[in-house]
Amino acid sequence: MKILVINGPNLNMLGIREPDIYGKATYKDLVEFIGSAADSLGAEVDFYQSNHEGDLVDRIQQAYGVFDGIVINPAAYTHTSVALLDAVKSVGIPTVEVHISDVREREDFRQVSYIRLGCIGAVMGKGFDGYVEAIKILMDYTAGQSSKEDVQ
């Protein structure tokens, strides 16, 4: 299974940005962690990070016909971007939203997720492990072991 892992704005600043919320591990650490876990699960992963909404939309569109699933942490664009939602819906690739922190326990504006409307599931507040859980959700979903209703 080929999975595209997309990270949005400021995730390149992991380890520096609000370590009390996001921890001290870096973006490089995240990529290595996910890559190792994906290998052990038998999944192939590719990574993309951008601080620019249009670049994220372009990468989602480029995934069409190439990837079997998408794991996306849209970061701040979670709460503002209909464009990312439309891109995910356009390509029809099963997608799981992931957040390192539990956005349900944060500011009021973080309670809105536009992209979730196009996702088969969401994982929040599990740190880097949330990405691995998202990969497992995609693998089960594409193997027909779960439905969208099971994972949300």
- Task: Could you tell me which of the residues Gln49, Gln61 is polar (S, T, N, Q) and in contact with a Phe, Trp or Tyr (Cβ under 9 Å, 6 or more places away or on another chain)?
- Result: Gln49
- Query: Across segment 4-41, what is the number of residues that are in a strand (DSSP E or B) and either free of Cβ contacts under 8 Å to residues at least 12 places away in the same chain or among the hydrophobic types (A, V, I, L, M, F, W, C) (or both)?
  - Reply: 3
- Message: Quick check on my filter: what residues within segment 63-85 are closer than 16 Å to Gly8 by Cα and open to solvent by 60 Å² or more (accessible area, probe 1.4 Å)?
- Response: Thr80, Val82
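When you scan segment 53-78, how many residues do you find that are more than 13 Å from Ile135 (Cα to Cα), touching a residue at least 24 places away in the same chain (Cβ under 8 Å) and not small (Gly, Ala, Ser)? Explain how you work it out, then say what you get.
Here is the first cut: in segment 53-78, the residues more than 13 Å from Ile135 (Cα to Cα) are 53-66, 74-78.
Filter again for touching a residue at least 24 places away in the same chain (Cβ under 8 Å), leaving 53-54, 56-57, 59-61, 63-64, 66, 74-78.
Keeping just the survivors that are not small (Gly, Ala, Ser) gives 53, 56-57, 59-61, 64, 66, 74, 77-78.
Looking only at that region, the number is 11.
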- Query: Out of curiosity, is Glu97 under 12 Å from the mean Cα position of the chain (by Cα), open to solvent by less than 30 Å² (accessible area, probe 1.4 Å), among the acidic types (Asp, Glu) and modelled with pLDDT of 95 or more?
  - Reply: yes
- Some residue of segment 106-117 being charged (D, E, K, R), at pLDDT below 95, surrounded by 14 or more Cβ atoms within 10 Å (Cβ to Cβ) and in a loop (DSSP other than H, G, I, E, B): yes
- Could we say that Ile21 is in contact with a strand residue (DSSP E or B) (Cβ under 6 Å, 6 or more places away or on another chain) and closer than 22 Å to Glu133 by Cα here? no
- Task: Scan segment 45-69 for residues that are touching a helix residue (DSSP H, G or I) at 6+ places or on another chain (Cβ under 7 Å) and not polar (S, T, N, Q) and jot them down.
- Result: Val45, Phe47, Tyr48, Glu53, Leu56, Val57, Ile60, Ala63, Tyr64, Asp68, Gly69
- Please enumerate the residues belonging to segment 118-152 that are at pLDDT 95 or above, over 11 Å from Val98 (Cβ atoms) and in contact with a helix residue (DSSP H, G or I) (Cβ under 6 Å, 6 or more places away or on another chain). Gly118, Ile120
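Confirm whether Arg59 is open to solvent by 30 Å² or more (accessible area, probe 1.4 Å), basic (Lys, Arg) and modelled with pLDDT under 95.
On the way: open to solvent by 30 Å² or more (accessible area, probe 1.4 Å): yes; basic (Lys, Arg): yes; modelled with pLDDT under 95: no.
Answer is no for this residue.
Based on this model, can you work out whether Ser36 counts as at pLDDT 95 or above and more than 21 Å from Cys119 (Cβ to Cβ)? Lay out the reasoning, then the answer.
On the way: at pLDDT 95 or above: yes; more than 21 Å from Cys119 (Cβ to Cβ): yes.
The answer is yes for Ser36.
The values are calculated or read from the model by the stated rules, or taken from the named source; none is laboratory data. Just so it is clear, the structure is predicted and the values come from calculations on it, not from any experiment. Note that we place each Cβ from the backbone using ideal geometry, even for glycine, and neighbour counts take in every protein chain shown. These area figures cover heavy atoms from the full protein model, side chains too; ligands, DNA and RNA do not enter into them. Shrake-Rupley method; radii C 1.70, N 1.55, O 1.52, S 1.80 Å.
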